[in-house]
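Laboratory data are not the source of any read-out in this text; all were calculated from the coordinates shown. Keep in mind that what you see is a predicted model, and the values were worked out from it rather than measured. As a convention, Cβ positions derive from the backbone with ideal geometry for all residues, glycine included, and neighbour counts pool all protein chains shown.
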């Protein structure tokens, strides 16, 4: 019964898996496959692939550029801040590190706005927090930042490659709110036809005349 109802739905209301979903799944899987071959975690490259794949090739490239710029800004800022906190002896005081990491998001976001790249602010903040918050004893900030940058580059490159290689097949859609006429439905007439056997309209139905103003009997 439910299947019959689903088959009776209009085409615009039926659920289907689009090419953007397929491309995202393929890009994420390839990221994981490469990470498995290298013996590394593919977490950051998978995230970059998910975020970069958009509903058109142009938007995917634009999103990838924003992710690249954001990764560079966040990585460089994270390395500088970690080395600065290490020099001040506060790197392993977690509450202090969390407070500084949160406050320093303000200049990072302002920098992205200043260079007129607001789309890269989110990735810059994410990479910055990855470097500063996830830093542990024995990690080298520069090496850790370079690894995160490399993984993000892999995800961005794979997202662009998959998006370019696989074409988009967007079905023609009817605009929202527009009714699709059936071929069996007759076109409406310009004027409503009156049946031949309809009774004549009563004379009283005519609009009453408005009373004239009294302008005087002597008026010419």
Placing each pseudo-label 7 Å from Cα in the direction of the beta carbon, residue 36 and residue 103 end up separated by a distance in nanometres of 4.6 nm
Subtracting the Cα-Cα distance of residue 87 and residue 62 from 0.36 nm times their residue separation yields 5.2 nm
For an R0 of 30 angstrom, estimate the FRET efficiency from the Cβ-Cβ distance between residue 139 and residue 165 and round to the nearest 0.05. 0.25
Separation between the residue 22 and residue 117 pseudo-spin-labels, each 7 Å from Cα along Cα→Cβ, expressed in nm? 3.3 nm
Rounded, prolate or oblate (a/c below 1.5 giving rounded, otherwise prolate when a/b exceeds b/c) for the range 17-165 by Cα gyration tensor: oblate
